[in-house]
1. For the pair LEU23 and ALA97, what calculated FRET efficiency results from E = 1/(1 + (r/R0)^6), where r is the Cβ-Cβ distance and R0 = 25 Å, to the nearest 0.05?
2. Using the heavy atoms of the protein chains and a 1.4 angstrom probe, tell me the accessible area per residue for the stretch 87-187 in square angstrom.
3. Once R0 is set to 35 Å, what does the formula 1/(1 + (r/R0)^6) return for the Cβ-Cβ distance between ALA205 and GLU40, expressed as a FRET efficiency to the nearest 0.05?
4. Which number do you get for Rg(Cα) / (2.2 N^0.38 Å) in the stretch 94-149?
5. On the protein heavy atoms, probe 1.4 angstrom, tell me the percent of accessible surface of the stretch 1-121 carried by carbon and sulfur.
6. Hey, if we sort LEU193, LEU142, LEU9 by accessible area with the 1.4 Å probe, largest down, what's the order?
7. Work out, step by step, the length gained on full extension between THR160 and ASP32: first 0.36 nm times the residue separation, then minus their alpha carbon distance; give nm to one decimal.
8. Report the rotationally averaged projected area of the stretch 1-109 based on its alpha-carbon convex hull, in square nanometres.
Amino acid sequence: MNRRDVADLAGCTGLGALTAFGLLALVVVGGDGAVLFTDEDLHTWPLAHRPAVAVALARGLTATGTGVVPYVLAVLAGLVAARAARGRLLAVALCVACLGTGQGARYGVMRLIARPRPPRAEWATHASGWSFPSGHATTATLTAGLLVVAVLMRAPRGRTALALAACCWGALVGLSRVYLGVHWFTDVLGGWLFGIGWLGLCLAAVARWAPEQVIAGTGDPAVTGTTDRTEEVAEHAPQDPGRRGRSRPA
């Protein structure tokens, strides 16, 4: 795929996810923050299934979806994605910027919608702020997406397993918020959609507008649309292997 195809695919995916997020947000706003769909069932089930070990594991997992851990993973994604040393710093900066701006945009949307959380007495961990969309789910989705893109670009072997592991981590962080009682499921669903949408737009922007020298240092030439200079030189090289040195007039 060339750069334009990558940009179109990422952009369409991002816009589709954000459209779905917008529709869900309208339903949340229209319901004035009320419980939606299967929120009540998915909230009450964990209340009766919270052994101490499971709660401890859920707390440990949910802690990886906020704070410094996502940024460390974003830096790792940038380092993995970069093909050459010259592109690593910029690749890291782009990954961190995608994560940071996504978190900021999500916070603004959360303040605007202002959906209340589930009852505080049913929480099994600390939480703050409004409920929709889930910040942990958004952050984990963005981080997992960056890791998946980096792995698919650079890892020659085992990339499917690594990408699947990153996706599972991102999904489980969101589900841990429901299990611990601090979010409704539709909050987590909104976080997933918002994260996918923001990541898609960021990837589309990088693929379409980043300079050639930047893209060439951070990915596969087949994806970025650059030309292999070695093949170009070989194509125009003399075909007679017996000719050596400088030609002389007769």
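1. The calculated FRET efficiency here is 0.35.
2. Details: 4370 Å² over 101 residues.
The answer is 43 Å² per residue.
3. The computed FRET efficiency comes out at 0.35.
4. With N residues counted in the stretch 94-149, Rg over 2.2 N^0.38 Å equals 1.28.
5. 70 percent
6. Most to least solvent-accessible, the answer reads LEU9, LEU193, LEU142.
7. On the way: separation 128, 0.36 × 128 = 46.08 nm, distance 4.15 nm.
The THR160-ASP32 span can extend by a further 41.9 nm.
8. 10.2 nm²
The values are calculated or read from the model by the stated rules, or taken from the named source; none is laboratory data. All values reported here derive from a predicted model rather than from experimental measurement. All Cβ positions, even for glycine, are placed from backbone atoms using ideal geometry, and neighbour counts span all protein chains on display. Heads up: the accessible areas ignore ligands, DNA and RNA and are worked out on the full protein's heavy atoms, side chains in. Shrake-Rupley method; radii C 1.70, N 1.55, O 1.52, S 1.80 Å.
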